[in-house]
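The structure under discussion appears below in the form of structure tokens.
The values are calculated or read from the model by the stated rules, or taken from the named source; none is laboratory data. Note that the structure is a prediction, hence the values are computed from the model and not measured. Glycine also receives a Cβ, built like all others from the backbone with ideal geometry; neighbour counts cover every protein chain displayed. Accessible surface is based on the protein model in full, side chains and every heavy atom, while ligands, DNA and RNA are left aside. Shrake-Rupley method; radii C 1.70, N 1.55, O 1.52, S 1.80 Å.
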Amino acid sequence: MKTTLGVYLSLFAALIVAGCASSGKVAKPLPEAQVYAPNQTPTAVKEELALVSIQSKYLLKDTTQVKVYLYVDAYRGKNSISVDDFIKIYNVNYVIYSDYGARDRLGYGNVKLNESNVSKAGNKIVISFDVKSPNKDYGVLLSEISQTGTLKKVLNDLTIRFKKQNTNELYGVYTSASSEPLQRHYINSNDPFTIKRVTGGSDQLHVFYYKHSFDAAGSPMNTAPKTAPRSLEVDSSFTINSNETLRFEKEGLYNVFSDTTQSEGMGLLVVNERFPKMTHPEALLGPLLYMSTNTEINEIKKAQDYKKALDKYWLNLMNGNEALAQQSIKSFYSRVEEANQLFTTYKEGWKTDKGMIYIVLGSPDKVQRSKDREVWTYEQRGNAQNVNFTFNRRNNQFVDDHYELVRYAEYQPIWYPVVEAWRNGTIR
């Protein structure tokens, strides 16, 4: 008979071992114009082509041109498509509108795809192209990737602030793994990287380091007025040069400025070497607050052996069913990893409002976006239908895509049944 201690030691083994190996799992980014259900992966029948999602960013070249980057998850069956095949099979067109919902075009064009503007970064296809800046402060670039000879297409929307000359609009973060800038806001500690402009050159940049752990998102039902935000104290500051190889050893938040008179910098979160995976027992506790009581969390915190306490927590929830506990652990922390990939800003993705909703409820069935707002719609969750969660963009000194959830007490009858489904192992 397996001892209780043996059960404790075995539950998280699969999770930790999986974190050590390079994952073959397909990332499921939240598309900016289309959103797919969590179980909709590109494991298509036989060799069917599939464009799963597109993410995007831009960098200003000068006052007249913008460099746009599309990061595409494109597959043939289970395998990511090659650059050559992508060029042969797909077409890219774009239109610039003055705003969401507006029909007046500020510009449009077709992107001729070739090896000079299509590359591979990991499993992603990266497309880069120049767009002429209209004489406007702001615009929405709508990109369309279509499959030759079919009606299949995927859209992406990207807000561009043509005249905003902050560090975030001018500089990108590059690693040795790709010739294109990272789309994400984080980098793993000790990984070499470079901060540079599209046009090249070497500039002096100012860096402020914050050794600060930010709080996780609060309950969607917590409508109590927010307390005044605490001011962040800079732990250290230093200068670097653009276009030079760098390594940041200390984990924490770095804010990079090309001009210290500006209020907004380029936030770069330096995380451990395993991120976006979470495998260390102390780190695994954090996301559990979304499905646990305060008493349960405090009991784990008081334990001398976090790993043993976490195993006991999951076994108790699953009434001692070890197989169900292992499956629930895998499902839950897969959501956490995806939230880290998708929503990390100046803090880890699981701590953000979007990350919290995504972990508990999964991918929304529909996303509606406007200039400073996103609305996520879940068509069916438990007994509720067409549930909306609204996120408003908030000004932030570190990133330009910080969103906060509009909270309502009325979410309670929707939220708690889904949390209970996590606690009894119904969600796989």
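Worth a mention:
- Working from label points 7 Å from Cα in the Cα-to-Cβ sense, the S82 to A323 distance is 4.2 nm.
- Pairs exceeding a 22 Å alpha-carbon distance, out of K120/K250; K67/K211; K57/K354; K153/K330; K112/K153; K226/K351: K120/K250; K67/K211; K153/K330.
- Quotient of Cα Rg and 2.2 N^0.38 Å for region 264-416, N being how many residues it contains: 1.13
- Put simply, the amide H of D365, placed in the peptide plane, has neighbours under 5 Å in T377, Y378, E379, leaving out anything fewer than 5 places away on its chain.
- Rounded percent of accessible protein surface that carbon and sulfur make up, the chain, 1.4 Å probe: 46 percent
- Our estimate of slack between E115 and D215, defined as 0.36 nm per intervening residue step minus the Cα-Cα distance, is 31.6 nm.
- Each Cα pair under 8 Å and six or more residues apart adds its sequence gap; the mean of these over the residue count of region 259-401 is a relative contact order of 23 percent.
- √(5λ) per eigenvalue of the Cα gyration tensor, region 251-301, largest first, Å: 33, 14, 8
- Per-peptide average of other Cβ atoms within 10 Å, ordering 64-72, 333-341 highest first: 333-341, 64-72
- For region 327-428, the ratio of Cα radius of gyration to the globular rule of thumb 2.2 N^0.38 Å stands at 1.09.
- Theoretical ellipticity at 222 nm over the chain - DSSP helices of four or more residues, -39500 (n - 2.57) apiece, nearest 500: -6500 deg cm²/dmol
- When both region 260-315 and region 95-130 are represented by their alpha-carbon centers, they are found 37 Å apart.
- Taking Cβ atoms as reference points and 14 Å as the exclusive limit, the residues near S178 contribute a net charge of +3, counting Lys and Arg as +1 and Asp and Glu as -1.
- The charge dipole of the chain, taken about its Cα centre with unit charges on the Cβ of Lys, Arg, Asp and Glu (plus for the first two, minus for the last two), comes to roughly 520 debye.
- Residue separation of S202 and I297 scaled by 0.36 nm, minus their Cα-Cα distance, works out to 29.3 nm of gained length.
- Furthest towards positive pole of dipole, Q165, T175, H185, structure part region 146-187, Cβ charges: Q165
- Per-residue extension of 0.36 nm, minus the Cα-Cα distance of K226 and H280, leaves a gain of 16.3 nm for this segment.
- Cα pair count fraction exceeding 34 Å, expressed as % - the chain: 35 percent
- Relative contact order of the chain: 15 percent, from C-alpha pairs under 8 Å at least 6 residues apart in sequence.
- Positive-end residue of N298, N316, I359, charge dipole of region 297-368 with Cβ unit charges: N298
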